[in-house]
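J.: Quick one: the structure is below, and I'll ask about it shortly.
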Amino acid sequence: STNSTVKPTPSDDEGEYDVDLVVECVNTNDSPDDALSNLTAFLLDHGIYKEKIENNPKLPCIRLRYADEDSAKFHVDILPAKKDGVGSRILIPRRGDGWKLSDPVAYTKWILGLGENYRRTVMMFKRWRDENKLEVKSIVLQTLVASSFFDDADDQMRLAQSFIQMNDKLSGLQDKPTILNPVLSEEVISDSWDDDNFEKFQQVLIKHAGEVEIILNESDHDKSASQWQK
């Protein structure tokens, strides 16, 4: 875990926690479809999971949905995998598209190595993303924050400058950027970022980066706090 999970936004009735699990359980000669089918069959054989499997063939994983009206909603995405043979790298299935190289262990270590200030900043950006209903995967957002990160002990200065620096990187782009996995250069993690969703992200970022610049120049503490809350 990267220790940067944020609670679902209170205003979102559909908001829920998302837990991802990678399970090395694939036979050497299995195809991606075999791996996903075998894991599904295994879970169906256990009564505790049988009723929780979400039937959605578009998902690249097996999803168990835990939705209780009296408690927090969450789902668990289970991804079968097999070792690549190099370090902690693994191969994960893509329906109809072969095996994809990944390294979640190395990525997690990289994130944790960036420190507590970075972790706090990522959590703020994730809440900002959720409140503005921006469609961008956490791995992409976390990597974007890392490339724009302004390290400062003061939360206000660190967050504001990180917003501004991210906006400087993205505001002039006509197309979504090519973002590589920082621990696995073969993987382009921005491939699945829809162009329309990137454009919306870009527009909201431009607006809010401009607003935080104004906040930084506000000398009245109460007004500054009120502007940050907004």
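J.: Can you pull a Stokes-Einstein diffusion coefficient for the stretch 1-159 at 20 °C (1.002 mPa s), Rh from Kirkwood over Cα pairs, as a whole number of µm²/s?
T.: Taking Rh from Cα pairs, D becomes 121 µm²/s.
J.: Carbon-plus-sulfur fraction of the accessible area of the stretch 1-155, 1.4 Å probe, in percent?
T.: 49
J.: Further question on the same structure: How large is ³J(HN,Hα) for each residue in the stretch 25-39, as worked out from phi by the Karplus curve 6.51 cos²θ - 1.76 cosθ + 1.60 (θ = phi - 60°), to whole Hz, x for Gly and Pro?
T.: 9, 9, 6, 3, 9, 5, 7, x, 5, 4, 4, 5, 5, 5, 5
J.: Go ahead and run the numbers for FRET between Glu211 and Ser147, Cβ-Cβ distance against an R0 of 30 Å, rounding to 0.05.
T.: With a Förster radius of 30 Å, E is 0.90.
J.: Which ³J(HN,Hα) values in Hz, rounded to whole numbers, follow from the phi angles of the stretch 84-94 under the Karplus curve 6.51 cos²θ - 1.76 cosθ + 1.60, where θ = phi - 60° and Gly and Pro get x?
T.: After applying 6.51 cos²θ - 1.76 cosθ + 1.60, I find 8, x, 10, x, 9, 5, 9, 10, 10, x, 10 Hz.
J.: In what sequence, largest accessible area first, do Leu134, Leu91 appear using a 1.4 Å probe?
T.: If we order Leu134, Leu91 from most to least accessible, we get Leu91, Leu134.
J.: Still on this model: If DNA, RNA and ligands are ignored and the probe is 1.4 Å, what is the ranking of Lys230, Lys7 by accessible area, most exposed first?
T.: Lys230, Lys7
J.: Once the Cα atoms of helix 116-131 and of the chain are each reduced to a long axis, what angle between those two axes, in degrees from 0 to 90 to the nearest 10, is obtained?
T.: Helix 116-131 and the main axis of the chain meet at about 90 degrees.
J.: If you don't mind, another one. Can you tell me the orientation of helix 155-170 relative to the chain, as the angle in degrees between its alpha-carbon axis and the longest Cα principal axis, to the nearest 10?
T.: Value to nearest ten degrees: 70.
J.: With 24 Å as the limit, write out which pairs from Lys137/Lys200; Lys200/Lys230; Lys200/Lys223; Lys100/Lys137; Lys50/Lys109; Lys7/Lys133 have Cα-Cα distances beyond it, or answer none.
T.: Too far apart for the 24 Å limit: Lys200/Lys223; Lys50/Lys109.
J.: How long are the three semi-axes of the equivalent ellipsoid of the stretch 110-230, in whole Å, if each is the root of 5 times an eigenvalue of the C-alpha gyration tensor, listed from largest down?
T.: Taking √(5λ) for each eigenvalue gives 25, 17, 12 Å, largest first.
J.: Which FRET efficiency, nearest 0.05, do Val105 and Asp130 yield, Cβ-Cβ r, R0 25 Å?
T.: 0.45
J.: Next question. Under a 1.4 Å probe, what is the accessible area of the stretch 1-147 per residue, stated in Å²?
T.: Here the residues of the stretch 1-147 average 59 Å² of exposed surface.
J.: Running a GNM on the chain with Cα contacts under 10 Å, which residue among Thr108, Thr28, Thr178 ends up with the highest mean-square fluctuation?
T.: Thr28
J.: Hey, what angle do you get for helix 138-148 against the long axis of the chain, alpha-carbon based, 0 to 90 degrees rounded to 10?
T.: Taking the Cα atoms of the chain, the angle to 138-148 is about 40 degrees.
J.: Separate question: Using the Karplus curve 6.51 cos²θ - 1.76 cosθ + 1.60 with θ = phi - 60°, work out ³J(HN,Hα) for each residue of the stretch 172-178 in order, rounded to whole Hz, and write x for Gly and Pro.
T.: With the stated coefficients, the stretch 172-178 comes to x, 6, 8, 10, 4, x, 8 Hz.
J.: Something else: Among Val136, Ser171, Trp99, whose Cα sits farthest toward the positive end of the charge dipole of the stretch 91-173 (+1 at Cβ of Lys/Arg, -1 at Cβ of Asp/Glu, about the Cα centre)?
T.: Ranked along the dipole, the leading option is Trp99.
The values are calculated or read from the model by the stated rules, or taken from the named source; none is laboratory data. A quick note: this is a predicted structure, and the numbers were derived from the prediction, not measured. Glycine also receives a Cβ, built like all others from the backbone with ideal geometry; neighbour counts cover every protein chain displayed. Side chains included, ligands, DNA and RNA excluded: accessible areas come from the protein's heavy atoms. Shrake-Rupley method; radii C 1.70, N 1.55, O 1.52, S 1.80 Å.
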